[in-house]
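A short write-up of the structure that comes next.
The values are calculated or read from the model by the stated rules, or taken from the named source; none is laboratory data. Everything numeric here is computed off the predicted structure, so don't read it as measured data. Counting neighbours? That spans all protein chains shown, and the Cβs are built from the backbone with ideal geometry, glycine included.
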Amino acid sequence: MIFAKLNTPSTYTPLIGHPVWEEALSFLRELNEQSTLGITQLRGDKMFVNIHTYQTKPESNCRFEGHRNMIDIQYIIKGGELIDWHLKEHLEEDGTYLCKKDFQYYLVPANLSGTRVHLKAGHFAVFFSEDGHRPQINDGHNDSVLKAVVKIHRDLLS
């Protein structure tokens, strides 16, 4: 996982210079509260952006998720939420892996403590294939978010 502020490139220097990361971050820099909701293809099914809005929820109503092939860049345009993180190797699969959506739910063992980030406007987090994440947690200040999620297939970074 990488947690950074978009307008502070020194917080994400490992991503700078690679054309895929540059394309994704450049797209995010152009977003604002009037950005059109929906999916924008950047490189077909290998790289796209979903701009959406939703109500945040109590932690007890949020679930860990992960992906095998896609990397998420989750960027908050407006509002804020908490996101929990664990390496998937410490989590237990919960239900069936949805191959077409590249999506799996996970359970956290009771004795495992993890990392929580406060994602707010202007900040982003990158979740790699090895990362489990639990988004949408209410941060106590924002009831909703306007968010962009860039999906990047890991083959583009090979």
Among residues of the stretch 9-51 being among the polar types (S, T, N, Q) and modelled with pLDDT under 95, the residue farthest from residue 123 (Cα to Cα) is 13
Taking the criterion of being over 15 Å from the mean Cα position of the chain (by Cα), outside any helix (DSSP H, G or I), in contact (Cβ under 8 Å) with a residue 24 or more places away in the chain and exposed (fewer than 15 other Cβ atoms within 10 Å of the Cβ), would at least one residue in the stretch 7-30 satisfy it? yes
Residue 103 fails exactly one of (1) surrounded by 17 or more Cβ atoms within 10 Å (Cβ to Cβ); (2) over 12 Å from the mean Cα position of the chain (by Cα); (3) hydrophobic (A, V, I, L, M, F, W, C); (4) at pLDDT 95 or above, namely (1)
Would you check if residue 72 is modelled with pLDDT of 95 or more and in a strand (DSSP E or B)? yes
How many residues, within the stretch 35-66, are out of contact with any helix residue (DSSP H, G or I) (no Cβ under 9 Å at 6 or more places or on another chain) and at negative phi? 22
